[in-house]
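S.K.: The structure's right below; bear with me while I get my questions together.
The values are calculated or read from the model by the stated rules, or taken from the named source; none is laboratory data. Since this is a predicted model, take the numbers as computed values, not measurements. All Cβ positions, glycine included, derive from the backbone under ideal geometry; neighbour counts span all protein chains shown. The area values use the complete protein model at the heavy-atom level, side chains included, leaving out ligands, DNA and RNA. Shrake-Rupley method; radii C 1.70, N 1.55, O 1.52, S 1.80 Å.
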Amino acid sequence: MEKHQQQPLQIGLAGFGNVGAGVYKNLIKNRALLEKRIGRALEIRRIVVRDPAKNRDVALPADLVSTDLDSLIDDDAIDIVVELIGGTDRAFELVKAALEKGKTVVTGNKALLAERGLELFAIADEKKTPIYFEAAVAGGIPIIKTVQESLVGNHIESVAGIINGTCNYILTRMTEAGLDYPEALNEAQNLGYAEADPTLDINGWDAAHKAIILASLSYGCWVPTEQIYVEGIEKITRRDIEFAQRFGYTVKLLAVIRLHPESSAIELRVQPSLIPRGHILASVNGVFNAILIRGDVVGETLFYGSGAGQDPTSSSVISDLADAALWRNTCEGQTGFVPHGLYGKPLPIDETDSKYYLRVEADDQPGVLAQIARVLGDHDIGILSVIQPEDHDPGSAPIVLMLHYARFGTIRQALAELRSLDCIREEPILMRVESL
Ligand code: HSE
């Protein structure tokens, strides 16, 4: 069929939250541009929401609304199902049913792919129907297509990313405005960066889901969620950020994905980390995300942009709709997840190495520093630097140590011993120092 004779592609949109509404709004705004570039019109045929009466910034078009997800599957005229409802149960059923009916799927659901991607991509493969998921990682940054397509000629050596906008916003506000953690979280929620339930943002799991997806594209294996090491930013205080600055570092929630060629094992972790203030990632602030990728052919590359928010994330969904439209025109090309290697297995976290930042709150008594140093020395952990500021509460003193390279497992053993010392008053704060 000639292009000018083609009917518009029919889209079934599940979810009209922040991103769903952005997709609807921006498809209308750039309708003419998209039709010209894709060679075919994109038309939203139905929008499924839980509560049509809810107050919304973008008005819900009444003639398209339904509350029935099955209506997207049952309608044979719908070519593409866009899943933006979140969660992993109903979303899984919807995506599975859509693939089984031969509908192309676009999703921004990182938790769904990280937890059940293996099953869904197997169905996509069997049905020869693609799943597109550019919006699942880093909002508006086109990182999925970059790894899948632009870096296809590389072995990926490492990926280091600031991939949660909410955490980056919170840490930036704590650093630049001296806010306490609850104040900064409140601001991030009011600005719409955090997920409806911000737990997954601040406990590191939103970033972990994205890291699992990036690892799957880089190394061709789905790392089970229980095998990724994840820490959030809940325990980081304004004081830790100030101490880190004194040592010349900035605190960021960092996802690290790295191949250890000697063992073919993949290091995969999300942790608050100190990065040198002069490193380019240290200047990625606010809701912005950035991902640093090293490939054996390309060398070092950096991708920067808005990691959350209505318009940036809908830009990624729309790029997937364009890909889906082109794929439906040709019915050839990728059907979604294309493993680049299948050569990875997760490296146990205790076998990873780095330098560390350690803050302990201890009794302000002679001999306390010696007790801490003895525990570290017994584990063969070197001390690079120590500060104990004079201006502290009476009786309890923060002791802040920068520690030499050590195995994470060794550090954990030393921490367990430190906790058992009578002179230690609070849970110690440990962060990695990344050399990048
Ligand atoms: N809430 C996420 C973030 C955006 O703050 O980065 C969607 O993943």
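S.K.: So with the 1.4 Å probe, I'd like the accessible area per residue for segment 143-306, rounded to whole Å².
M.R.: 37
S.K.: Does the chain come out rounded, prolate or oblate, given a ≥ b ≥ c as the square roots of the eigenvalues of its C-alpha gyration tensor, rounded meaning a/c under 1.5 and, failing that, prolate meaning a/b above b/c? Working shown, then result.
M.R.: Numbers: a/c = 2.56, a/b = 1.93, b/c = 1.33.
Note, shape of the chain comes out prolate.
S.K.: Net charge near residue 140, counting Lys/Arg +1 and Asp/Glu -1 over other residues with Cβ under 11 Å of its Cβ?
M.R.: Net charge around residue 140: -2.
S.K.: Further question on the same structure: Is segment 350-433 best put as rounded, prolate or oblate by its Cα gyration tensor, with a ≥ b ≥ c the root eigenvalues, rounded for a/c under 1.5, and otherwise prolate when a/b is larger than b/c, oblate when not? Could the numbers behind the result be given before it?
M.R.: Numbers: a/c = 1.98, a/b = 1.66, b/c = 1.19.
Prolate.
S.K.: At a Förster distance of 25 Å, what's the computed FRET efficiency of residue 119 paired with residue 436, Cβ-Cβ distance as r, to 0.05?
M.R.: Computed FRET efficiency for residue 119 and residue 436: 0.10.
S.K.: Right, something else. Excluding residues on the same chain fewer than 8 positions from residue 235, give the lysines whose Cα lies under 23 Å from its Cα.
M.R.: Partners found: 210, 252, 355.
S.K.: At 222 nm, what helix-only mean residue ellipticity would the chain give, in deg cm²/dmol to the nearest 500, using -39500 (n - 2.57) for each DSSP H run of four or more?
M.R.: Taking each H run of at least 4 residues, the total per residue is -10500 deg cm²/dmol.
S.K.: Starting from the Cα-Cα distance between residue 197 and residue 150, subtract it from 0.36 nm times their residue separation and give me the gain in nm to one decimal.
M.R.: Contour length minus the Cα-Cα distance gives 13.5 nm.
S.K.: With θ taken as phi - 60° and the coefficients 6.51, -1.76 and 1.60, list the Karplus ³J(HN,Hα) couplings across segment 103-118 in order, rounded to whole Hz; mark glycine and proline as x.
M.R.: Listing the rounded values in order: 8, 6, 10, 10, 9, x, 8, 5, 5, 4, 6, 5, 8, 10, x, 4 Hz.
S.K.: Oh, and also: With the Cα gyration tensor of segment 1-97 giving a ≥ b ≥ c as the square roots of its eigenvalues, does the rule (a/c under 1.5 for rounded; else a/b larger than b/c for prolate; else oblate) give rounded, prolate or oblate?
M.R.: oblate
S.K.: As an exercise, use a Förster radius of 22 Å and the Cβ-Cβ distance of residue 417 and residue 263 to find the FRET efficiency, rounded to the nearest 0.05.
M.R.: Values: r = 29 Å, r/R0 = 1.30.
The pair residue 417/residue 263 has a calculated efficiency of 0.15.
S.K.: Taking the Cβ of residue 30 as the center, what net charge do the other residues with Cβ under 12 Å away carry, scoring Lys and Arg +1 and Asp and Glu -1?
M.R.: Net local charge, residue 30 excluded: +3.
S.K.: Another question about this same structure. When the Karplus curve 6.51 cos²θ - 1.76 cosθ + 1.60 is applied with θ = phi - 60°, which whole-Hz ³J(HN,Hα) does each residue of segment 400-414 get, with x for Gly and Pro?
M.R.: Couplings: 10, 10, 9, 10, 5, 3, 7, 5, 4, x, 5, 4, 5, 5, 5 Hz.
S.K.: Pull up the DSSP beta bridges for the chain and report the antiparallel fraction as a percent, rounded to 5.
M.R.: Of those bridges, close to 70 percent are antiparallel.
S.K.: While we're here: Could you check the simple spin-label distance between residue 329 and residue 127, using points 7 Å along Cα→Cβ, in nm with one decimal?
M.R.: Going from the residue 329 label point to the residue 127 one covers 2.4 nm.
S.K.: Tally Lys and Arg at +1 and Asp and Glu at -1 over the other residues with C-beta under 15 Å from the C-beta of residue 379: what net charge comes out?
M.R.: Every neighbour counted, the sum reads 0.
S.K.: What is the extension gain from residue 378 to residue 302, computed as 0.36 nm multiplied by their sequence separation minus the C-alpha to C-alpha distance, in nm to one decimal?
M.R.: Values: separation 76, 0.36 × 76 = 27.36 nm, distance 4.04 nm.
Stretched out fully, the residue 378 to residue 302 stretch lengthens by 23.3 nm.
S.K.: Could you look at segment 143-306 and say what percent of its accessible area is carbon and sulfur, using a 1.4 Å probe and all protein chains?
M.R.: 50
S.K.: Additional query: Using 1/(1 + (r/R0)^6) with R0 = 22 angstrom and r between the beta carbons of residue 239 and residue 405, what's the FRET efficiency to the nearest 0.05?
M.R.: The value I calculate is 0.30.
S.K.: Now, a different point. With a 1.4 Å probe and every protein chain kept in, tell me what percent of the accessible surface of segment 350-433 is carbon plus sulfur.
M.R.: In segment 350-433, the share of accessible area belonging to carbon and sulfur is 43 percent.
S.K.: Can you tell me the relative contact order of the chain? Whole percent, Cα pairs under 8 Å, sequence separation 6 or more.
M.R.: 17
S.K.: Report the gain in length on full extension from residue 33 to residue 6: 0.36 nm times residue separation, minus Cα-Cα distance, nm rounded to one decimal.
M.R.: Between residue 33 and residue 6, full extension yields 8.0 nm more.
S.K.: Over segment 353-406, with the other protein chains present, what is the accessible area per residue in square angstrom, probe 1.4 angstrom?
M.R.: 48
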